[in-house]
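Participant: Just dropping this structure here.
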Amino acid sequence: MEPHSILAFTLVAALSSHHGHEELWSIEIRCTEGTLRLDNGGELLSIDGVRQAVSEEGEYAAVYRHFQQLIGDNASDLDLQPLRRVADSFFVGSRTSVEPFYDEFVVKRNCS
């Protein structure tokens with residue numbers, strides 16, 4: 001994969017669905033400064049292998065509290081910058097086709 005410069009940084013992403021039938025809830029981000037890893041759907045965070053403190057409250061309680069506050073204030077909270085980044089990536093990105101991936105369990109289940 002060739003890196004593509006977008007604004008002031010270079011991004012290379014490699015995504016794979018070849019992890020078997022197990023659900024995979026981990027994300028690893030590697031950069032020159034080190035490695036950040038999220039496991040268990042964001043419940044566990046480590047930087048360069050060192051566990052970091054995360055909120056005991058959990059993600060959803062804080063999100064719903066924020067929604068409740070927005071509704072009470074008759075306000076919105078919209079950041080268009082991530083959408084711009086995605087749109088920009090379509091202009092400079094490329095796609096590499098690989099062999100088709102078939103999940104036998106899903107194929108059998110849908111055929112019966």
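The values are calculated or read from the model by the stated rules, or taken from the named source; none is laboratory data. All values derive from a computational prediction rather than experimental measurement. Cβ sites come from the backbone with ideal geometry, for glycine too, and all protein chains shown count toward neighbours.
Participant: Can you name the residue in segment 88-103 that is surrounded by 10 or more Cβ atoms within 10 Å (Cβ to Cβ) and either hydroxyl-bearing (Ser, Thr, Tyr) or outside any helix (DSSP H, G or I) (or both) and, of all such residues, is modelled with the highest pLDDT? Reasoning before the result, please.
Facilitator: As a first pass, look at segment 88-103 and keep what is surrounded by 10 or more Cβ atoms within 10 Å (Cβ to Cβ): 88-89, 92-93, 103.
Within this subset, residues satisfying the condition of being either hydroxyl-bearing (Ser, Thr, Tyr) or outside any helix (DSSP H, G or I) (or both) are 89, 93, 103.
Working: Ser89: 86, Gly93: 82, Asp103: 65.
Once the filter is applied, the top-ranked residue is Ser89.
Participant: Tell me which strands (runs of 3 or more DSSP E) are completely within segment 23-69 and hold 3 or more residues being out of contact with any Asp or Glu (no Cβ under 9 Å at 6 or more places or on another chain) and closer than 20 Å to Ala13 by Cα, or say none if there are none. Reasoning before the result, please.
Facilitator: Values: elements: 27-31, 34-39, 44-47, 50-52.
Result: 27-31.
Participant: Okay, next question. How do the pairs read when you match residues in segment 19-43 that are modelled with pLDDT of 85 or more with residues anywhere that are in a loop (DSSP other than H, G, I, E, B) and not small (Gly, Ala, Ser), using Cβ under 8 Å and keeping only pairs 6 or more apart or on different chains?
Facilitator: Hits for this filter: Gly34/Asp48; Thr35/Asp48; Asp39/Trp25.
Participant: Are there any pairs, at least 6 apart or on different chains, whose C-beta atoms fall under 9 Å, with the first in segment 60-83 and on the phi < 0 side of the Ramachandran plot and of a type in the set (Gly, Ala, Ser) and the second surrounded by 10 or more Cβ atoms within 10 Å (Cβ to Cβ) and in a helix (DSSP H, G or I), and if so, which?
Facilitator: That search, which allows pairs on different chains as well, returns Ala75/Gln69; Ser76/Leu70.
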